[in-house]
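Below: one structure, written as structure tokens.
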Amino acid sequence: MAVRIAQAAVHLPTTFRVNKIPRADLYFLGQLRNYQSCTLLSARSAFRNGEFLGKGSSQQQEPARLSTVGSAETAEISHKATGKNKKVEEIRVRFAPSPTGNLHVGGARTALFNYLFAKSKGGRFILRIEDTDIERSTRESEEMILHDLQWLGLEWDEGPLIEGDFGPYRQSERNSKYQQYANQLLANGHAYRCFCTDEELEAMREEARILNLPPKYTGKWARASQIEVDSELLKGTPFTYRFRVAQEGSLKIEDLIRGEVSWPLDTLGDFIIMRSNGQPVYNFCVAVDDATMGISHVIRAEEHLPNTLRQALIYQVPSSL
């Protein structure tokens, strides 16, 4: 089943407020860049005593603003159907930190908006630990992140310590699922094994640099015969899985704030989804996890918008997720 995607980038100004809550008489002053604990605690208290964005208030109040201008900091919201494995009607959002250090201000800000959006819609706030960076991820960092989120009052409905029907919630514990879907893509021809060496890949990058072109894979093993592939497998040559990308046309998504956003496909090249050591690549993990966990909306930093291209291509493969 192809997955329909609508993408939105919502620019969140550095300073904003939630309307006055009648029963609590609280303002949410969003000076998150100063990381004032009262900011997030006030948001938590306001939400528990009223409705997000001031709905239900009998007083005339200035609405909280989600502006497309005036701030370098942004958050991206994407909405997609969930695919055939887990059909979920409710609102499900996720905060997905990498446990490579302490929770920082931007992460707390992203978690806050996921939490508020989920609760304002009667949905669920999922915490997913993206720990596929084996060298840098530590359980100590994960524990600190969990502690900080709990201290901020951003309690999750599913995730570590609170298991649900869509777990496990650590990517390091989901490798069999990633391998399953990578094999499906391989079987239906949307992915292939690439046996290129590091030296060959570096030569491709150097050639692109000389020609003043964006670096991309030239597709050497995309055209290989089964005999050639079997020969390398018999020799035990390491290989990656690459996702096939059309070399013409463009991918278009409808951004709820920006309008139509598109990327030309001929600049991308076939990209890796599984490394030679058997570890999945970030964008593949995210695509699989969001689909199989029934995530309905994604709220994340705007720097992830370019990642949407690869994720959307994976989502759109018929019967893959």
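Hey, with R₀ at 22 Å, roughly what FRET efficiency would ASN102 and SER172 work out to, going by the Cβ-Cβ distance, to 0.05?
Between ASN102 and SER172 the formula returns 0.65.
Using 0.36 nm per residue, how much length does the chain from GLU155 to ALA208 gain when fully extended, once their Cα-Cα distance is taken away?
Full-extension gain reported as 14.3 nm.
What FRET efficiency do you get for THR218 and GLU302 if R0 is 22 Å and r is their Cβ-Cβ distance, rounded to the nearest 0.05?
Efficiency for this residue pair is about 0.10.
Please list ASP165, ASP270, ASP148 from largest to smallest accessible area, probe radius 1.4 Å, with all protein chains kept in place.
Of ASP165, ASP270, ASP148, the descending order of accessible area is ASP165, ASP148, ASP270.
Taking 7 Å along the Cα-to-C-beta vector as the label spot, tell me the ASP198-SER250 distance in nanometres, rounded to one decimal.
Here the answer is 3.7 nm between the modelled labels.
Evaluate the charge dipole of region 192-321 about its Cα centre and quote only its size in Debye, nearest 20, assuming +1 on the Cβ of each Lys and Arg and -1 on the Cβ of each Asp and Glu.
Dipole size: approximately 160 debye.
Determine the shape class of region 171-299: with a ≥ b ≥ c the square roots of the Cα gyration tensor eigenvalues, call it rounded for a/c under 1.5, and otherwise prolate if a/b is greater than b/c, oblate otherwise.
oblate
Rounded to whole Å, give me the distance from the Cα center of region 114-175 to that of region 272-287.
20
Round to a whole number: what % of the accessible area of region 186-321 belongs to carbon and sulfur, probe 1.4 Å?
Summing carbon and sulfur atoms, their accessible area is 53 percent of the total for region 186-321.
For labels at SER120 and SER225 in the simple 7 Å Cα→Cβ model, what's the distance in nm?
6.0
Could you provide, to the nearest whole Å², the per residue accessible area of region 139-215 with probe 1.4 Å?
56
The values are calculated or read from the model by the stated rules, or taken from the named source; none is laboratory data. Because the structure is predicted, anything quoted here is derived from the model rather than measured. Positions of Cβ are backbone-derived with ideal geometry, glycine not excepted, and every protein chain shown enters the neighbour counts. We work out accessible area using only protein heavy atoms, side chains counted, and drop any ligands, DNA or RNA first. Shrake-Rupley method; radii C 1.70, N 1.55, O 1.52, S 1.80 Å.
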